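Q: Quick one: the structure is below, questions incoming.
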Ligand SMILES: C[S@@+](CC[C@H](N)C(=O)[O-])C[C@H]1O[C@@H](n2cnc3c(N)ncnc32)[C@H](O)[C@@H]1O
C-alpha cells in the first residue's frame, strides 16, 4: 500500500493516487458525506465559464471536477500527473481531453486559457508557489483562477470537532471503504498541515495574481479562492461574489496581515 509523506515527493504522490484511482470518487463521496457535490457546484459557479472559452482543470484526477464544464459544452482540459487517475477518467469520459502533466511545469503555452481551476489538488503539490505561478503563466491576461481546497474552520468548536473527525473517524472509515486506507491518513495529515485561507490568499498575491478573494464553505472546512490575472480589462467577469472575503495585500492591516509564516502546521485562528 502506498501513501505519500508530507514532503510530497511527486513520484510518491502520483503512485498514491494511482493506487486509490479505481475507488477515488466513491470514497470521496462517503468521507465528505456527500458535501463534495455542493462544493463542486460552487466552484463551477465561480469559474463562470462562457461558451467559447477554454478552461484548464489542474490536478483533475479522474476528471470529476472537469465534467460539469464538458456537460455545459465548455472546452475543458483535464491535466494530472497520475496516469492511474487519468485512465479511470478517460474510461468514464472519453469526450474530455485528459493530458498528463505536472502542475509545477504545465505542458501548455503562455496565455492559453480563459480560466484555470484546481480542486483539492494544490495541497498535494510539492511546490505550490511554483504551481500557482505556472497557472498564472498559462492563463490569459484578465483570465481567472479558482481554487477549491480544504482549509481552516473559522469557529473554534467546529474546528475541534472537525479535527477529531479528520484524525480519528476518517482513517477508521477509510479502512472500511478504501483499498488503500493509509492514503487517507496522508489526507488527514496534509489537511492539518495546510495553510489557512488568508495565508493561501497571500501566496496568490506573492506570485502575481490580483483581486484575490475567498469564500468559506461548510464553516471553512473548504475555501474557494478566486483571483484574476493582471492584464486586459475584458475578463468577462468572475463568478458569484456573495459571502466572499476580499483580502488585502500584505503590508496593510487586515486579515492578510495575520497570516502565519509558510510551512507552519495546523492553523489556530
Ligand atoms: C484529491 S485529487 C483531486 C482530483 C480532482 N481535482 C477532484 O476534484 O476530484 C488530487 C489530484 O492531484 C494530483 N496531483 C498532485 N500533485 C500534482 C502535480 N504536481 N501535478 C499534477 N497533478 C498533481 C493527483 O495525482 C490527484 O489526482
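The values are calculated or read from the model by the stated rules, or taken from the named source; none is laboratory data. None of the values given here were measured: they were computed from a predicted structure. Ideal geometry is used to build each Cβ from the backbone, glycine not excepted, and the neighbour counts take in all protein chains shown.
Q: Only one of (1) more than 13 Å from residue 228 (Cα to Cα); (2) touching a strand residue (DSSP E or B) at 6+ places or on another chain (Cβ under 9 Å); (3) more than 10 Å from the ligand (Cβ to nearest atom) fails for residue 135. Which number is that?
A: Going through the list (1) more than 13 Å from residue 228 (Cα to Cα); (2) touching a strand residue (DSSP E or B) at 6+ places or on another chain (Cβ under 9 Å); (3) more than 10 Å from the ligand (Cβ to nearest atom), residue 135 breaks only (1).
Q: All but one of (1) part of a helix (DSSP H, G or I); (2) in contact (Cβ under 8 Å) with a residue 60 or more places away in the chain; (3) more than 15 Å from the ligand (Cβ to nearest atom); (4) in contact with a helix residue (DSSP H, G or I) (Cβ under 6 Å, 6 or more places away or on another chain) hold for residue 174; which doesn't?
A: Going through (1) part of a helix (DSSP H, G or I); (2) in contact (Cβ under 8 Å) with a residue 60 or more places away in the chain; (3) more than 15 Å from the ligand (Cβ to nearest atom); (4) in contact with a helix residue (DSSP H, G or I) (Cβ under 6 Å, 6 or more places away or on another chain) one by one, residue 174 breaks only (3).
Q: While we're here: Could you go through segment 236-257 and let me know if any residue there is surrounded by fewer than 20 Cβ atoms within 10 Å (Cβ to Cβ) and at pLDDT 95 or above.
A: no
Q: Also: Residue under question is residue 201, and the condition is that it be touching a helix residue (DSSP H, G or I) at 6+ places or on another chain (Cβ under 9 Å), touching a residue at least 60 places away in the same chain (Cβ under 8 Å) and either buried (at least 22 other Cβ atoms within 10 Å of the Cβ) or over 23 Å from residue 47 (Cβ atoms) (or both); does it hold? Break it down into steps so the answer makes sense when it comes.
A: On the way: touching a helix residue (DSSP H, G or I) at 6+ places or on another chain (Cβ under 9 Å): yes; touching a residue at least 60 places away in the same chain (Cβ under 8 Å): no; either buried (at least 22 other Cβ atoms within 10 Å of the Cβ) or over 23 Å from residue 47 (Cβ atoms) (or both): yes.
No.
Q: Take residue 94 and tell me if it is in a loop (DSSP other than H, G, I, E, B) and more than 17 Å from the chain's Cα centre (by Cα).
A: Yes.
Q: Of all residues in segment 97-119, how many are part of a loop (DSSP other than H, G, I, E, B) and either surrounded by fewer than 23 Cβ atoms within 10 Å (Cβ to Cβ) or out of contact with any strand residue (DSSP E or B) (no Cβ under 6 Å at 6 or more places or on another chain) (or both)?
A: Taking segment 97-119 and keeping what is part of a loop (DSSP other than H, G, I, E, B), we get 101, 103-104, 106-112.
Now drop any that are not either surrounded by fewer than 23 Cβ atoms within 10 Å (Cβ to Cβ) or out of contact with any strand residue (DSSP E or B) (no Cβ under 6 Å at 6 or more places or on another chain) (or both), which leaves 101, 104, 106-112.
Adding up the residues that qualify gives 9.
Q: Also: Name the one entry in 168, 123, 137, 144 that is outside any loop (DSSP other than H, G, I, E, B), without any contact (Cβ under 8 Å) to a residue 60 or more places away in the chain and closer than 26 Å to residue 35 by Cα.
A: Values: 123 fails: without any contact (Cβ under 8 Å) to a residue 60 or more places away in the chain; 137 fails: closer than 26 Å to residue 35 by Cα; 144 fails: without any contact (Cβ under 8 Å) to a residue 60 or more places away in the chain.
Within the list 168, 123, 137, 144, the selection yields 168.
Q: With respect to residue 146, determine if the residue is surrounded by fewer than 16 Cβ atoms within 10 Å (Cβ to Cβ) and touching a helix residue (DSSP H, G or I) at 6+ places or on another chain (Cβ under 8 Å).
A: Details: surrounded by fewer than 16 Cβ atoms within 10 Å (Cβ to Cβ): no; touching a helix residue (DSSP H, G or I) at 6+ places or on another chain (Cβ under 8 Å): yes.
Against the criterion (surrounded by fewer than 16 Cβ atoms within 10 Å (Cβ to Cβ) and touching a helix residue (DSSP H, G or I) at 6+ places or on another chain (Cβ under 8 Å)), residue 146 does not qualify.
Q: Can I ask one more? Out of segment 50-71, which residues are in contact (Cβ under 8 Å) with a residue 24 or more places away in the chain, closer than 16 Å to residue 95 by Cβ and either in a loop (DSSP other than H, G, I, E, B) or more than 19 Å from the chain's Cα centre (by Cα) (or both)?
A: Result: 60, 62, 63, 64, 65, 66.
Q: Going through segment 28-43 one residue at a time, which ones are exposed (fewer than 12 other Cβ atoms within 10 Å of the Cβ) and closer than 21 Å to residue 171 by Cα?
A: 33, 34 - these are the residues of segment 28-43 that are exposed (fewer than 12 other Cβ atoms within 10 Å of the Cβ) and closer than 21 Å to residue 171 by Cα.
Q: Run down 18, 25 and say which single residue is in contact with a helix residue (DSSP H, G or I) (Cβ under 7 Å, 6 or more places away or on another chain) and either surrounded by fewer than 20 Cβ atoms within 10 Å (Cβ to Cβ) or at pLDDT 90 or above (or both). Talk me through it step by step, then tell me what you get.
A: Details: 25 fails: in contact with a helix residue (DSSP H, G or I) (Cβ under 7 Å, 6 or more places away or on another chain).
Answer to the check: 18.
Q: Please tell me if residue 25 is over 21 Å from residue 189 (Cβ atoms), within 17 Å of the chain's Cα centre (by Cα) and free of Cβ contacts under 8 Å to residues at least 24 places away in the same chain. Quick ask: steps written out before the conclusion?
A: Numbers: over 21 Å from residue 189 (Cβ atoms): yes; within 17 Å of the chain's Cα centre (by Cα): yes; free of Cβ contacts under 8 Å to residues at least 24 places away in the same chain: no.
Considered against the rule, which asks whether it is over 21 Å from residue 189 (Cβ atoms), within 17 Å of the chain's Cα centre (by Cα) and free of Cβ contacts under 8 Å to residues at least 24 places away in the same chain, residue 25 comes out as no.
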